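Each reported figure results from applying straightforward, stated rules to the coordinates on display, with no laboratory input. Because the structure is a prediction, the values reported are computed rather than measured. Every residue, glycine among them, receives a Cβ derived from its backbone with ideal geometry; neighbour counts consider all protein chains shown.
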Amino acid sequence: MRPTLAVVLIALAGCSKPAPQATGKQVSFEITGPATTLSKHPLAKYIELAGFRLSESKPGQLEVKFVAVNHSEAELGDLAVNIRLKTTTAKPEDPPVAEFQAKIPALSPLEVHDVSAKAATKLRIYELPDWQFLRAEFDITSPAP
């Protein structure tokens, strides 16, 4: 005998994962696309910052995680960067949603490295624009060009 459609659907429903439930854990999201830079620093064209993930470590402080990519064939020493998170609709004179410093450890040729930093903000994470409306910009502050 062939099982009826109802029996098959009930069996499939029993195999599916339960709906996620609120646990009171941190809310987090990501920013799409790599960070942009207008920096005239000679290393800026070799560095890509991407995969930004934001979570709230405590009110007024974001935990920011991202990856740094060395696109050159040369080893790059430690870098310090200034990163600004802005909305996609922000005018150049508008202040960033958050601005912070990050240290990128030395990168071997073509290496990718995970980086994390803390960023102060006046907004709670649920008050920030959705991830698709945020962009990151960066400037290399060290080493000096």
Subject >> Built amide H within the under 5 Å cut-off of Ala35, gap 5+ >> reply: Leu49, Ala50
**OP:** List the GluC sites (Glu not before Pro) within region 88-145 that fall in a DSSP loop (any state other than H, G, I, E or B) and whose Cβ has at most 15 other Cβ atoms within 10 Å.
**Re:** Glu93, Glu111
Subject >> Over region 46-145, equivalent-ellipsoid semi-axes from the Cα gyration tensor in Å >> reply: 25, 14, 12
Subject >> Flagged links, alpha-carbon separation over 19 Å, of Lys40/Lys65; Lys58/Lys86; Lys86/Lys118; Lys86/Lys122; Lys40/Lys91 >> reply: Lys40/Lys65; Lys58/Lys86; Lys40/Lys91
Subject >> Candidates per trypsin sites (Lys or Arg not before Pro) in region 34-68, loop by DSSP, up to 16 other Cβ within 10 Å >> reply: Lys40
